[in-house]
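Structure record follows, encoded as structure tokens.
The values are calculated or read from the model by the stated rules, or taken from the named source; none is laboratory data. If you're wondering where the values come from, they're calculated on a predicted model, not measured in any experiment. Positions of Cβ are generated from backbone atoms using ideal geometry, with glycine treated the same way; all protein chains shown enter the neighbour counts.
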Number of protein chains: 2
Amino acid sequence: MKKNDRTDLCSIARAIDKIGDHWSLLILRDLGQGLTYFDEFQKNLLIAPGVLSKRLSTLVSEGLVRKELYQDNPPRARYVLTKAGEDFLPVLAMIMVWGNEHSSPSGLDTQLVDKSTLKKISPIVVDAKTKEPIEFSKLTFAGGPANSAAKIKVLTERNMPLAAVN
Amino acid sequence: MKKNDRTDLCSIARAIDKIGDHWSLLILRDLGQGLTYFDEFQKNLLIAPGVLSKRLSTLVSEGLVRKELYQDNPPRARYVLTKAGEDFLPVLAMIMVWGNEHSSPSGLDTQLVDKSTLKKISPIVVDAKTKEPIEFSKLTFAGGPANSAAKIKVLTERNMPLAAVN
DNA sequence: CGGGATCCACCTGGATACTG
DNA sequence: CAGTATCCAGGTGGATCCCG
């Protein structure tokens, strides 16, 4: 896929262009579990060091990960999630839910738990206002105030709403 | 990445192996918006036909999409989401939320709206029981009843919980 | 309209070795 | 420990043409 091609059209496409890579998603998952050192990622993911290095620096430059040098000589670093990185964890949580439902033939092997109580958390997506579970069959993605000219063209051709009403 | 490598370890990794591809995610997004014909995807995504064909059949074989022949001669088909495919829309919704927050430099151009009222929906992830927003900093991913031997090894080495408590 | 078949350039990951 | 450097194979996407 040619990067930066449709990045002006849709925040979903932009987000996918930024983090929609297998390795990046798995690294973010591990960061969310508290892994911090280059070596830990490499051992856990069985990823080639060069690839890991590139993925980490991409995540850093995209603002999802912060690299902290905790020692100068020799240089040692740890990686932690930024706010933007933490904000991505709900996506991973819903991926987990989908995987548990539709891609776990031998049973449940991944759960979200409270660190201190170890109680299980079951994430669901609701509307912020009503707290009602969202029925996706009744919804659609629309444009917004900042529609680009190209997006307005696409939406109009497809007879889709240009923005939400109040 | 070698496919089917760590697929026995974690439902997140399995899910990502199944649908964590740029094109597949964008196709699912379009399906969620009601696009149905090969041609529509191709025009909207500017994707090479061969690639689109492969992605669609992968999605079909993975059970997220159903291919319906609505005409025999010449053969014509439409593509629609299955239950598993619809269940993936919450993931896309949270990707949209992240993109709107962290990857929309020129403003809001993608929103989730009710098809009939055009009112805006704001998706958030909450715990199914308490309906409280999830604080991801307090959580971690744990194992589950169906942990494989390999996963038990990893969790133990990292001193992580093997499963949730009740 | 709904794709299948080809061809090719390139990119990317894997493996391995090495270094401060 | 924390990467960088190198090399290589092959997979993948884009482009194009074609067909019922």
Item to check | Filter result for the condition that a residue is outside the structural domain of B:Gln42 (by TED's automatic domain parsing) and of a type in the set (Lys, Arg), over B:Lys83, B:Lys67, B:Lys129 | outcome: B:Lys129
Checklist entry - Which one is farthest from the other protein chains (Cβ to nearest Cβ), of the residues in the stretch A:24-33 that are out of contact with any strand residue (DSSP E or B) (no Cβ under 7 Å at 6 or more places or on another chain) and within 14 Å of DNA strand D (Cβ to nearest atom)? => result A:Ile27
Checklist outcome for this item: Taking the stretch B:143-153 and keeping residues in a loop (DSSP other than H, G, I, E, B) and either polar (S, T, N, Q) or exposed (fewer than 14 other Cβ atoms within 10 Å of the Cβ) (or both) leaves B:Pro145, B:Asn147, B:Ser148
Next on the checklist: Scan the stretch A:51-67 and tell me whether some residue there is without any contact (Cβ under 8 Å) to a residue 24 or more places away in the chain, among the aliphatic types (A, V, I, L, M) and more than 18 Å from A:Asp21 (Cβ to Cβ).
Outcome noted: no
Checklist outcome for this item: If you go through B:Thr140, B:Thr156, B:Thr117, the only one that is among the β-branched types (Val, Ile, Thr) and part of a loop (DSSP other than H, G, I, E, B) is B:Thr117
Item to check | Test result for B:Leu112, away from DNA strand C (no atom under 16 Å from the Cβ) and under 17 Å from the mean Cα position of the chain (by Cα) | outcome: yes
Item to check | Failed item, numbered, when B:Arg29 is tested on (1) away from DNA strand C (no atom under 12 Å from the Cβ); (2) not in a helix (DSSP H, G or I) | outcome: (2)
Item to check | Within the stretch B:117-126, considering residues that are more than 15 Å from B:Met94 (Cα to Cα) and within 7 Å of another protein chain (Cβ to nearest Cβ), the one surrounded by the most Cβ atoms within 10 Å (Cβ to Cβ) | outcome: B:Leu118
Checklist entry - If we scan the stretch A:89-101, do we find a residue that is among the acidic types (Asp, Glu), away from DNA strand C (no atom under 12 Å from the Cβ) and at pLDDT 95 or above? => result yes
Checklist outcome for this item: Expected single match for surrounded by fewer than 22 Cβ atoms within 10 Å (Cβ to Cβ), within 16 Å of DNA strand C (Cβ to nearest atom) and either of a type in the set (D, E, K, R) or assigned to a strand (DSSP E or B) (or both) among A:Leu69, A:Leu56, A:Leu52 is A:Leu69
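Condition check ((1) within 13 Å of DNA strand D (Cβ to nearest atom); (2) touching a Lys or Arg at 6+ places or on another chain (Cβ under 7 Å); (3) at the interface with chain A (Cβ under 10 Å from one of its Cβ atoms)) across all residues:
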position	(1), (2), (3)
B:Asp17	yes, yes, yes
B:Ile47	yes, no, yes
B:Leu52	yes, no, no
B:Glu68	no, yes, no
B:Ala77	yes, yes, no
B:Thr82	no, yes, yes
B:Asp87	no, no, yes
B:Val91	no, no, yes
B:Trp98	no, no, yes
